[in-house]
Amino acid sequence: MKKIFVFLGILAISMPAFARVKLRAGDNNKCFVNVGGINHFWYCGSQGSDCAGKKLRKYHDRTYQYHGDEFESEGRHFWCCDGTTDTAGKYVESTAPFSSSEIVTVDLGNGTCTYEKITNVCGDVIDEPCTAPTNCTDGTILRNDTCVTPCDGNTAFESTASNKCIECETTAYQGINNDKLCVKCDPATQFFDKTNKKCISKTSLKRISASAMQKCYGCPNNELFAECSSLFSQSASERRAASNYTQIIKDCYITEDSDSGTDN
């Protein structure tokens, strides 16, 4: 009798402890039921109504949830993962936000780029590393989504879409524009404007005066002659303020003493 009394005493202590467990999980945490008061069922995705050995009755509370939905009960917080209208998912217990993100920097060799890596409590990771640089290492520039070495000297990029540097000597019909592209003009209708670094129509040029042409007879080539003639078709104050004035005087063997008047 003494042994029976001890056993019953242990049973009397254990049973109330089990009864205090109100929130119970179904198989693989696909559902939960709180048995305190009127049973409340939570289902993650499509599944049968029984959960944790409890049958759903008409008078019970119920909540159907899908991927990204959440619930709290007994001080615990759960997220539904992968539950859909066709398949059952499972609940993951976490007090963290459903998803979190971090900025990741990728070293591309000659530059870097950054992207957002997203992870959720279900273990899903959206990780799509960037491949085009947003920052280039010293000595390179970003061009056409690639870090390239700038063209230098008499070289320029072949075209807007090309990163290739080609020789581009400045002449009356070609030159390097402000975007470091080698611009080729139509010789029949255009000249290359060295001041504005672009092709201009021949009809837009000022008429070259006879006196200007006489001043420039000593220019050693046609390109310099055209540049000199255009320069000396301007007023004295305009041409002397031009950036190429001193060089033209030198290259075309013009003495500044002979450069007099206001509109040669």
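Computed quantities for the displayed model
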{"item": "Close pairs from the range 99-112: first at pLDDT below 90, partner surrounded by 14 or more Cβ atoms within 10 Å (Cβ to Cβ), Cβ under 6 Å, at least 6 apart", "result": "Leu108/Pro133; Asn110/Thr140; Asn110/Cys147; Gly111/Pro133; Gly111/Cys136; Gly111/Cys147"}
{"item": "Test result for Ala226, part of a helix (DSSP H, G or I), open to solvent by less than 70 Å² (accessible area, probe 1.4 Å), among the small types (Gly, Ala, Ser) and in contact (Cβ under 8 Å) with a residue 40 or more places away in the chain", "result": "yes"}
{"item": "Count of residues meeting criterion [touching an Asp or Glu at 6+ places or on another chain (Cβ under 9 Å), open to solvent by less than 50 Å² (accessible area, probe 1.4 Å) and of a type outside the set (S, T, N, Q)] in the range 169-184", "result": "4"}
{"item": "Residues of the range 243-261 that turn out to be open to solvent by 30 Å² or more (accessible area, probe 1.4 Å) and within 51 Å of the chain's Cα centre (by Cα), as a count", "result": "6"}
{"item": "Flag for Glu128 being at pLDDT below 95, within 30 Å of Cys81 (Cβ to Cβ) and out of contact with any Cys (no Cβ under 7 Å at 6 or more places or on another chain)", "result": "yes"}
{"item": "Tally of residues being open to solvent by 60 Å² or more (accessible area, probe 1.4 Å), at pLDDT 95 or above and not in a helix (DSSP H, G or I) across the range 23-52", "result": "2"}
{"item": "Entirely in the range 57-97, the strands (runs of 3 or more DSSP E) that have 2 or more residues that are within 35 Å of the chain's Cα centre (by Cα) and without any contact (Cβ under 8 Å) to a residue 60 or more places away in the chain", "result": "76-81"}
{"item": "Cβ pairs under 6 Å, 6+ apart, first in the range 141-164 and free of Cβ contacts under 8 Å to residues at least 60 places away in the same chain, second surrounded by fewer than 15 Cβ atoms within 10 Å (Cβ to Cβ) and of a type in the set (S, T, N, Q)", "result": "Cys147/Asn110; Asn163/Asn144"}
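The values are calculated or read from the model by the stated rules, or taken from the named source; none is laboratory data. The structure displayed is predicted, hence computed values, not measured ones. For neighbour counting, all protein chains shown are included, and Cβ atoms are generated from backbone atoms with ideal geometry for every residue, glycine included. These accessible areas exclude ligands, DNA and RNA; they are computed on the full protein's heavy atoms, side chains included. Shrake-Rupley method; radii C 1.70, N 1.55, O 1.52, S 1.80 Å.
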